[in-house]
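Below you'll find the structure, written out as structure tokens, and then a few comments.
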Amino acid sequence: MKKVDFHIHTQKSFVDSAFELDVAKLKEYTEKLGLDAIAITNHNLFDLQQFRTITHELDIIVLPGIELNLGKGHGHALMISDNTDIEDFALKCSRIFEICKTHDEYVSVAQLQEIYGDLSKYLIIPHYDKHPPVDSDTLKELGSNFIAGEVTSAKKFMYAQKNADSPTPMLFSDSRAKSDWAFTTRQTFLDIDEVNIASIKMCLSDKSKVSLSAEDGNELIQVTPSGVLISSGLTVLLGGRSSGKSYTLDEIENYTSNVKYIRQFDLIEQNPETAAKEFNERVGQKQDADGEVYLRKFSTVVEDVRNISLESDDFKVGTFVSSLLKAADEAKLQDEYSKAILFSETPFQILDSEKLKNLIEAVTELLNPGVYEPITDKHIEKESLKSLHTDLVETLWREQLDRKKSGWVNTVVSDIKFGLGSSSAATQVKDVDLWEIAKNKKKIQKFEEIVGLLQQPRIIVERDVQQFKIQESTKKFMNAQELKDFSHRTLAFSDAYAVYGKPYEYLKVLKAKEELEPASLYKYFVKIKYDILNRYGVPVSGGERAEFKLINEIDGAAESDLLLIDEPESSFDNLFLSGEVNQVIKNIAANTPVVVVTHNSTVGASVKPNYILYTERKIIEGVASYAVYSGFATSKTLIAKNGDSVSNNDITLKYLEAGKDKYDERNRMYEMLEN
Amino acid sequence: MKCLRINSGKGEYSLDGVTYEEINKIDKESILVIVDMILQPELQVEFDKDTGGQITNQAHKIIYTKLYEKFIDLERNKQQFVEETTELYRSAYEKYKIPEVESA
């Protein structure tokens, strides 16, 4: 069995950012990961001199190669040669270098044949389940030279292994050999005795001879440089406290990419107050937005009345009345200025066209109904709509012109009034827009009615999410502290809360608080409450939320290449674990490798794992080290790298059932209860 | 048609070019009528200018000079004054307006 990595970059090209080759790091990589052979495959180039340096430094087989832009889809493919005539290979590769100088340039299979001659002498591995893939026409043109394809993860490797239509998968690091190289366990095992192109190709023609671990065919994947294996399905990791379980999981995470890691206590709520909100965000439902929608109409009401001051209106009316009375008193004293009609002229009332504008917009919408056109067409003739649109717009223009003219006249009248008023000894009756003042009074009255209705508790939205119900409701603010908390400011609200029952007064006090954004004052009239209810209709407990969180976390892991779960049993009851959690874990493990650390028999045994890992901390001459034993769930023994073994049954009973004695005792107790 | 004229030291206005009233009798509605006349493209509206202090009545003078100055300004910008009010929804209007069929 040989462990190989045929996709290593050592030279910068137009697709890479600049990096310096670190030969020592490359050597460390091959040693740490126990590689038997590697290939140097740079983008569209082969550097003979550098290749010689590398082969000189490394003690393992190094094959010369190149990563080509192959075919019209600009997919990438590795082309690897034996290291018998390297000068010839270098010469041929220099022609590729001339052809492919940018992303958009590529070589066709015909060009490849023309340059390299008989392609069967080379190993060609196109990107298969990997970006950018070689297009299907080019794969066809490769014919019998296409036997293996490169994939990006163990998960995809396993998928290709099981799928009869897929080529033999190969998993490589595709890394840059530089000083900060973070090693991964992306290598492939080949069941061959000698590393040469002929024997590799022979091996690749039989999928069963290609694997991700040195043993047990395609069911196991090597996930750490130290040789820890896991199942391509479900692996359970057992061990005592501080025996290295979390250490092992961390190591697996370090050497694998695209890992979903649900850590121990990740699911326990740190802050119950914000947990409900986080919980909602987790399932992608922004409750804030819903509250916003509910209050949107009210916000326009507040916006409309925010600048109304009944006190100022009262003052204006007062001034008007007293000036009117005074003018009446002085009627006999009128002079030539005050006798002019314009001296006491009132302005034109200017009305807006909001209603008409809304109508025009509605008709425009009807004229552009999109997919609903057949329905609108059935009921309203397009021509009528068009002519309605024209009439409405013309009416609007007329109204606008009238408004503008009235405004113009008002300005002129006001100027003349001022001129006459300055010259006259008579009292000029003050202008007052009684219409506006009456309207303001009415608006405030309505506003107070609306606030009264708004503050009546009600349910706004109810939604079912899995076994829970998300409920959004309104309630009154109960005290000044609640207002303060809501504002997220160090601001006193006792003055405001004192008049909370008088909306207009309340708004006045809020307006006076300069720290509050004027446009957000509407939010202080009613509190939007979010509740997550369980199946019995009562707010969920922290434990129930954690259950939900776990299910969602695990569900989301289907996209990952590996799922690690550290002790899911913390804070869950066994019924939940044996039911929903186990089912979800099993579903994921059908397509994604899963490793679960557990002490709980409900998870560990009932979930029926494929593979068992057992960690043990050993202190030899004062130095602590971790031993990892492994074996299939059905094996009698679990075996460590050094050949030591432990009984699978003993370990399972000890760590999942607290030992054989306790297990027997519990069984006896259950029997007694039953009898 | 002459809407503003000076007569015997007093300002006068007319809404028909025939009968004239003293300018201190003008109200906002009458001013609006004159505005409408100014804005009519085909109507030529004229105003006498108070050159050299012909108007001796001070109240009349205040009203007359302000109206004269404003009317002249409006007369000068009347096209823009009207056009500005027909900008809103102009493109949609052009798109949906059904062309009138000219009768033979």
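The values are calculated or read from the model by the stated rules, or taken from the named source; none is laboratory data. All figures in this text were calculated on a predicted structure; none of them were measured in a lab. In this analysis, Cβ positions are derived from the backbone assuming ideal geometry, glycine residues included, and neighbour counts consider all displayed protein chains.
Filter region A:526-560 down to residues that are surrounded by 20 or more Cβ atoms within 10 Å (Cβ to Cβ) and part of a loop (DSSP other than H, G, I, E, B) and give me whichever is modelled with the highest pLDDT. Restricting to residues being surrounded by 20 or more Cβ atoms within 10 Å (Cβ to Cβ) and part of a loop (DSSP other than H, G, I, E, B), the top hit is A:Val526. Would region A:334-352 turn up any residue that is within 10 Å of another protein chain (Cβ to nearest Cβ), among the β-branched types (Val, Ile, Thr) and more than 59 Å from the chain's Cα centre (by Cα)? Checking region A:334-352: at least one residue is within 10 Å of another protein chain (Cβ to nearest Cβ), among the β-branched types (Val, Ile, Thr) and more than 59 Å from the chain's Cα centre (by Cα). Pairs are defined by a Cβ separation below 6 Å, a sequence spacing of at least 6 or placement on different chains, a first member in region A:253-268 that is among the polar types (S, T, N, Q), and a second member that is modelled with pLDDT under 85; the pairs so defined are A:Gln264/A:Glu567. A:Leu26 satisfies every condition listed in (1) surrounded by fewer than 16 Cβ atoms within 10 Å (Cβ to Cβ); (2) assigned to a helix (DSSP H, G or I) except (1). Out of all the residues in region B:38-54, is one or more over 30 Å from A:Leu388 (Cβ atoms) and touching a residue at least 60 places away in the same chain (Cβ under 8 Å)? No: zero hits.
Does region B:7-25 hold any residues that are part of a loop (DSSP other than H, G, I, E, B) and under 14 Å from the mean Cα position of the chain (by Cα), and which are they?
If we filter region B:7-25 for residues that are part of a loop (DSSP other than H, G, I, E, B), which is where we start, we get B:8-9, B:14-20.
Result: B:Ser14, B:Leu15, B:Asp16, B:Gly17.
Give the residue that is modelled with the lowest pLDDT, with candidates limited to residues of region A:628-660 that are in a helix (DSSP H, G or I) and surrounded by 15 or more Cβ atoms within 10 Å (Cβ to Cβ). First the steps, then the outcome.
Within region A:628-660, the subset in a helix (DSSP H, G or I) is A:648-657, A:660.
Subsequent filtering for residues that are surrounded by 15 or more Cβ atoms within 10 Å (Cβ to Cβ) retains A:648, A:651-657.
On the way: A:Asn648: 87, A:Ile651: 84, A:Thr652: 80, A:Leu653: 79, A:Lys654: 79, A:Tyr655: 76, A:Leu656: 72, A:Glu657: 67.
Step by step, filter region A:628-660, then rank; the result is A:Glu657.
Applying the criterion of being within 18 Å of B:Tyr20 (Cα to Cα) and within 8 Å of chain A (Cβ to nearest Cβ) to the residues of region B:45-59, the residue that is surrounded by the fewest Cβ atoms within 10 Å (Cβ to Cβ) is B:Asn57.
Where in region A:345-438 are there helices (runs of 4 or more DSSP H), lying wholly inside it, with at least 2 residues that are over 22 Å from B:Arg90 (Cβ atoms) and at pLDDT below 90? Can you show your working first?
Working: elements: A:354-367, A:373-379, A:382-423.
Counting at least 2 such residues, we get A:382-423.
Suppose we keep only residues that are within 20 Å of A:Ile200 (Cα to Cα) and polar (S, T, N, Q) within region A:75-102. Which one would you say is modelled with the highest pLDDT? Only one residue fits best here, namely A:Ser81. Whenever a residue of region A:152-174 is in contact (Cβ under 8 Å) with a residue 40 or more places away in the chain, its partners that are assigned to a loop (DSSP other than H, G, I, E, B) and of a type in the set (Val, Ile, Thr), lying with C-beta atoms within less than 7 angstrom and at least six residues away or across chains, give the pairs A:Lys155/A:Thr592; A:Thr168/A:Ile147; A:Ser173/A:Thr184. Among the residues of region A:94-121, those that are part of a loop (DSSP other than H, G, I, E, B) and touching a Gly at 6+ places or on another chain (Cβ under 9 Å) comprise A:Tyr106, A:Ser108. Within region A:40-51, being more than 43 Å from the chain's Cα centre (by Cα) and in contact (Cβ under 8 Å) with a residue 12 or more places away in the chain holds for one residue alone: A:Leu48.
Would it be correct to say that B:Ile38 is in contact with an Asp or Glu (Cβ under 9 Å, 6 or more places away or on another chain), of a type in the set (A, V, I, L, M), within 25 Å of A:Glu394 (Cα to Cα) and more than 9 Å from every other protein chain (Cβ to nearest Cβ)? Show your work before the answer.
Details: in contact with an Asp or Glu (Cβ under 9 Å, 6 or more places away or on another chain): yes; of a type in the set (A, V, I, L, M): yes; within 25 Å of A:Glu394 (Cα to Cα): yes; more than 9 Å from every other protein chain (Cβ to nearest Cβ): yes.
Considered against the rule, which asks whether it is in contact with an Asp or Glu (Cβ under 9 Å, 6 or more places away or on another chain), of a type in the set (A, V, I, L, M), within 25 Å of A:Glu394 (Cα to Cα) and more than 9 Å from every other protein chain (Cβ to nearest Cβ), B:Ile38 comes out as yes.
Here region A:310-333 is the region considered, the condition is being free of Cβ contacts under 8 Å to residues at least 24 places away in the same chain and not charged (D, E, K, R), and the residue that is nearest to the other protein chains (Cβ to nearest Cβ) is A:Ala331. The number of residues in region A:330-341 being under 21 Å from A:Val432 (Cα atoms) and modelled with pLDDT under 85 comes to 2.
Out of all the residues in region A:124-156, which are part of a helix (DSSP H, G or I) and either on the phi > 0 side of the Ramachandran plot or over 28 Å from the mean Cα position of the chain (by Cα) (or both)? Working first, answer last.
Step one: of region A:124-156, the residues part of a helix (DSSP H, G or I) are A:136-145, A:154-156.
Across region A:124-156, the qualifying residues are A:Ser136, A:Asp137, A:Thr138, A:Leu139, A:Lys140, A:Glu141, A:Leu142, A:Gly143, A:Ser144, A:Asn145.
Condition check for B:Glu94 on (1) touching a residue at least 12 places away in the same chain (Cβ under 8 Å); (2) within 20 Å of A:Glu394 (Cα to Cα): one failure, at (1). Return the residue satisfying two criteria in turn: it lies in region B:26-49 and is in a loop (DSSP other than H, G, I, E, B) and either charged (D, E, K, R) or touching a Gly at 6+ places or on another chain (Cβ under 7 Å) (or both), and of such residues it is farthest from B:Gly11 (Cα to Cα). My answer is B:Glu42.
Here A:Arg398 clears all of (1) surrounded by 19 or more Cβ atoms within 10 Å (Cβ to Cβ); (2) more than 8 Å from chain B (Cβ to nearest Cβ) except the condition numbered (1). Remark: pairs (first residue in region A:606-621, without any contact (Cβ under 8 Å) to a residue 24 or more places away in the chain; second residue surrounded by 16 or more Cβ atoms within 10 Å (Cβ to Cβ); Cβ separation under 6 Å; 6+ apart in sequence or on different chains) = A:Lys618/A:Ala627.
Here's a check for you: in region B:63-104, which residue that is in a helix (DSSP H, G or I) and over 20 Å from the mean Cα position of the chain (by Cα) is surrounded by the fewest Cβ atoms within 10 Å (Cβ to Cβ)?
Going residue by residue through region B:63-104, those that are in a helix (DSSP H, G or I) are B:63-76, B:78-86, B:90-96.
From the residues that got through so far, the ones that are over 20 Å from the mean Cα position of the chain (by Cα) too are B:90-96.
Numbers: B:Arg90: 12, B:Ser91: 8, B:Ala92: 18, B:Tyr93: 18, B:Glu94: 10, B:Lys95: 12, B:Tyr96: 20.
Looking at residues that are in a helix (DSSP H, G or I) and over 20 Å from the mean Cα position of the chain (by Cα), I get B:Ser91.
Filtering region A:439-490 to residues that are free of Cβ contacts under 8 Å to residues at least 12 places away in the same chain, in a helix (DSSP H, G or I) and under 18 Å from A:Ser520 (Cβ atoms) leaves A:Lys484, A:Asp485. Considering region A:286-329, the residues that are modelled with pLDDT of 90 or more and not in a helix (DSSP H, G or I) include one that is surrounded by the fewest Cβ atoms within 10 Å (Cβ to Cβ), namely A:Asn307.
Residues are listed down the side, and each one gets a yes or a no for (1) of a type in the set (Lys, Arg); (2) part of a loop (DSSP other than H, G, I, E, B):
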site: A:Gln11; (1), (2): no, yes
site: A:Glu20; (1), (2): no, yes
site: A:Ala39; (1), (2): no, no
site: A:Gln49; (1), (2): no, no
site: A:Glu67; (1), (2): no, no
site: A:Lys72; (1), (2): yes, yes
site: A:Thr84; (1), (2): no, yes
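Within the bounds of region A:386-394, is there any residue that is under 57 Å from the mean Cα position of the chain (by Cα), more than 11 Å from chain B (Cβ to nearest Cβ) and free of Cβ contacts under 8 Å to residues at least 40 places away in the same chain?
So in region A:386-394, the residues under 57 Å from the mean Cα position of the chain (by Cα) come out as A:386-394.
If we keep only those that are more than 11 Å from chain B (Cβ to nearest Cβ) as well, we get none.
No: zero hits.
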